[in-house]
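Inspection log for the structure reproduced underneath, given as C-alpha cells.
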Amino acid sequence: MNLPSIWRRLRIRTKIILPFVLLFSVIIFGMLALTIFLFDRKYDQQFSAETQQWLETIQHTQYIEEPEKVKQAYHCEVIVFGGDDTLNGSTLVDLPDPEWSALGKYFALSQVRTKLNQQNTPVIGNVRLAGRPYKVVYAKQSLNRIYCLMRPMGRVAQAKRQTLQITAVIAFIGLLLVVLISTLIGRNLTRPIDQLVQFTHRVASGDLEHQCDIIGIDEVGQLTAAFNQMTQDLRRSRKERLQAERLTTAGQLSAAFAHEIRNPLSSIKMLTQMMVGKMAESTAKQSLTRVLDEIERIEVIVSGLMNFARPTELNRINANLNAIAESVLKLMEVNLKHHQISIVTHFDASLAHIQVDTDKMKQILMNLILNAIQSMPEGGELTITTQGFSDQIRLQVEDTGIGIPVETIDRIFDPFFTTKPTGTGLGLPTSRRLVEQHQGLIVVDSVEGQGTTVIVELPRHSNNNSG
C-alpha cells in the first residue's frame, strides 16, 4: 500500500491535524537543535577565551612555574611536556596507568606543535581524561616545552545537559499544545461535516422527515443548507409520487366500482319507481319511497366516484373570486343557518379577476364549507376570506369546529380516508385535484379542539391549456 492510497483512506480530521503536527514538529525540533548548537558554540567560545585569559594572567604573575598554586587558585590542572613529548610535570594524580602512558596521544602533541610553530599563539583544544572533559590551552615555552592549562568542563557539560533537558521539555510541551490545538481546530472544522455525513446516511436509509442542523454560514453551512433543500425536494417528490399513485389506483377502483353499480342501480331505481306509482298510500309505499331516497343518495356517491375517476377539463373564464364565494354562500345559507353557524366574510374589494373554471371553484368551496359544517355539530362561526397578492389570489375558509387530530391530518387528502360515519373520503382529494388543475395549492392547518383553516392559493396568471 503506497503513501497516496494511505492518505486517501485517512479521515478529514486526520488530514487537517497531521500536517500541522508534522510542520510544528519540524519547527520545534529544528529550533531545539539550533538552540543547542548555538549555545554550545557560544559557551565554548566564551569558555575558551576565558581560559586563555587565565593563561595570560598566569604567565604575567609568574605562576606558570608553580603548577600547584595554579591548581589551587584556578581549580585547573597543569601538565608540562618536554621537547621530546615526555612528561615533565603534572598536577594530575588519579589517572589510570594506560592513560599515563598514552598522554601524548590524548593531547595530540605533534599536531599542537605544528600549530604553535605556525601561529606563535596559544592553541586551544579539548581532551577527555579519566572520563572527565577538559578545555586545554597549549602554550609554547623555552626548550620547546609545551605548557598545558587544563580547565575542567564538568559544569559546562552539566549546563548543556540541563539546557537540553529544559529545551526538550519545552519542545514536548509545545508539541502537545500543537496536537491539542490541531485536534480542537480539526474537530471544530469537521464536526459539521461529520454531522452532515451522518445525516446523509439517514437520508440514504429513507428518513426524509428531518433536517440537518446548520452550523455557521461558511461553505459547509451552505452545503448543509443545499442538502436540506434537496431533502425537502425529495420528501415533496416522494409524497407527490405516492399521492399520484394513490389517486391513480383510487381512480381505477372508483371507475370499476361505479361502472359495476350504476347499471343495476338504475334498474332497481326504475322498478322501484314503477312500484311506487302503482301502489296506493300505505306503509309499504312509504318504505319504497325511503328506498328511492337512499338510491338517489347512492347515485350521488356513484357520480362522485365517476367524477373522481375521470376529471373533466377546465372551462376557464375571466371571473372574480368574491362573486364565486358570494354565490356559494347564498346557496349554502339555509344549510348553515340550520346548523346554527354564523358567517363572517372578509372579501378583498380590489381583488383582480383571474382565469378559472367557475363551476369547479364552486365545487371546491362547497366541499370545504360542507366539511366545516360537519366539524361544527354544535354550531360555530365560519369565516371566508379573500386576499390579492402580486402573484396570487388567496381564498381562506376557517371554522371553529372540533379540528383534525394530529395523527390523521397527514392523511386527509388520501382517497376514501374519512373520519365521518357518512363520508366518502373524496371531498378533499377531489378539491385538491381541482386546485392543482388550476396550478394552485391547497394547505390545511388545524388545531384539535379549536378549529381548521384551509387556504387555497391560485396564480394570477396561469396556463389556460392546463387541466
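The values are calculated or read from the model by the stated rules, or taken from the named source; none is laboratory data. These numbers were taken from a predicted model, which means no experiment stands behind them. No Cβ is skipped: glycine too gets one built from the backbone with ideal geometry, and neighbour counts run over all protein chains shown.
Before moving on, here are some points about what is shown:
- For the criterion of being in contact (Cβ under 8 Å) with a residue 12 or more places away in the chain, surrounded by 15 or more Cβ atoms within 10 Å (Cβ to Cβ) and either in the same structural domain as G449 (by TED's automatic domain parsing) or not in a helix (DSSP H, G or I) (or both), G401 passes.
- Set side by side, the residues V112, V93, V70 differ, and just one is in the same structural domain as Q141 (by TED's automatic domain parsing), touching a residue at least 60 places away in the same chain (Cβ under 8 Å) and either out of contact with any Leu (no Cβ under 9 Å at 6 or more places or on another chain) or outside any loop (DSSP other than H, G, I, E, B) (or both), which is V70.
- The residues in segment 73-84 that are assigned to a loop (DSSP other than H, G, I, E, B) and buried (at least 16 other Cβ atoms within 10 Å of the Cβ) can be counted, and the count is 1.
- Test: residue in segment 420-427 that is at pLDDT 85 or above, assigned by TED's automatic domain parsing to the domain that holds Q363 and charged (D, E, K, R): no
- Search result, residues across segment 136-169 that are surrounded by 14 or more Cβ atoms within 10 Å (Cβ to Cβ), under 23 Å from A33 (Cβ atoms) and of a type outside the set (A, V, I, L, M): K160, T163, T167
- Verdict on Q232 being over 16 Å from the mean Cα position of the chain (by Cα), of a type in the set (S, T, N, Q), in a helix (DSSP H, G or I) and modelled with pLDDT under 70: no
- Members of segment 412-452 found to be under 26 Å from E299 (Cα atoms), outside any loop (DSSP other than H, G, I, E, B) and of a type in the set (D, E, K, R), listed by number: R432, R433
- Look at segment 356-373: where a residue is over 20 Å from T453 (Cβ atoms), no partner that is of a type in the set (F, W, Y) and surrounded by fewer than 17 Cβ atoms within 10 Å (Cβ to Cβ) sits 6+ places away or on another chain with Cβ atoms under 7 Å.
- Total residues in segment 194-227, condition modelled with pLDDT under 75 and within 21 Å of K15 (Cβ to Cβ): 5
- Evaluation of K360 against (1) surrounded by fewer than 18 Cβ atoms within 10 Å (Cβ to Cβ); (2) basic (K, R); (3) part of a helix (DSSP H, G or I) (one fails), failing number: (1)
- Restricting segment 8-46 to residues that are among the basic types (K, R) and touching a helix residue (DSSP H, G or I) at 6+ places or on another chain (Cβ under 8 Å), the residue that is modelled with the highest pLDDT is K15.
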